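Structure first, commentary second.
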Amino acid sequence: VQLQASGGGLVQAGGSLRLSCVASGNILSAKIVGWYLQAPGKQRELVARIFAGTTNYADSVKGRFTISRDVIKNTVYLQMNSLKPEDTGVYYCNVLILPRDYWGQGTLVTVSS
């Protein structure tokens with residue numbers, strides 16, 4: 001499975017972006033799909049994930065970000081609204097299909113104040 005992330009870019013604070021992660025293979029059996037953020041100078045952290053049919057979000061994005069998946073299109077989305085400068089960084093999609101963990105190449109999001 002290869003993951004191709006896209007949708008990043010430069011946006012002003014308060015704006016919106018939608019990230020997409022297209023899988024080359026079938027991810028229907030994925031246990032977990034998620035998005036991670038690696039902010040400048042920081043470690044990669046979980047932003048949002050879908051696990052066992054439920055969604056989980058980092059406290060910092062609750063109410064602003066929404067993760068979803070389209071099983072027919074093998075795509076995972078991250079809708080990001082009310083963006084803040086602290087949301088800046090490289091966003092990576094992640095899929096866990098046991099026993100392997102798959103990562104996309106990342107897409108850069110820059111939020112200007």
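The values are calculated or read from the model by the stated rules, or taken from the named source; none is laboratory data. Note that the coordinates shown come from a computational prediction; the quantities given were computed from them, not determined experimentally. Because the Cβ atoms are built from the backbone with ideal geometry, glycine has one as well, and the counts that use them run over all protein chains shown. Remember, those area values only see protein heavy atoms, side chains included, never the ligands or the DNA or RNA. Shrake-Rupley method; radii C 1.70, N 1.55, O 1.52, S 1.80 Å.
Over the chain, what relative contact order in percent results from Cα pairs under 8 Å that are six or more residues apart?
The value is 37 percent.
If all Cα-Cα distances of region 1-45 are sorted into 5 Å bins from 0 onward, what percent lands in each bin, rounded to whole numbers?
Calculated over all Cα pairs of region 1-45, the distribution is 5, 15, 20, 23, 20, 10, 6, 1 percent.
Keeping every protein chain present and rolling a 1.4 Å probe, give me the accessible area per residue for the chain in Å².
Result: 55 Å² of accessible area for each residue.
With a 1.4 Å probe and every protein chain kept in, tell me what percent of the accessible surface of the chain is carbon plus sulfur.
C and S fraction of accessible area: 50 percent.
Can you divide the C-alpha Rg of region 54-109 by 2.2 N^0.38 Å and report the result to two decimal places?
1.23
Counting only Cα, what are the radius of gyration and maximum Cα-Cα distance Dmax of the chain, in Å?
In order Rg, Dmax, the Cα atoms of the chain give 13.2, 41 Å.
Among Val71, Val90, Val61, determine the one that fluctuates most according to a GNM of the chain built with springs between C-alpha atoms less than 10 Å apart.
Looking only at Val71, Val90, Val61, the largest GNM fluctuation is found for Val71.
Using a 10 Å cut-off on Cβ atoms, rank the peptides 39-45, 81-87 from the highest mean neighbour count down.
Packing proxy ranking, top to bottom: 81-87, 39-45.
DSSP loop trypsin sites (Lys or Arg not before Pro) in region 62-103 with at most 11 other Cβ atoms within 10 Å of their Cβ, which ones?
Here the trypsin sites (Lys or Arg not before Pro) that fit, given the DSSP loop and packing criteria, are Lys62, Lys73.
At a Förster distance of 22 Å, what's the computed FRET efficiency of Ser24 paired with Ile72, Cβ-Cβ distance as r, to 0.05?
Calculated transfer efficiency: 0.90.
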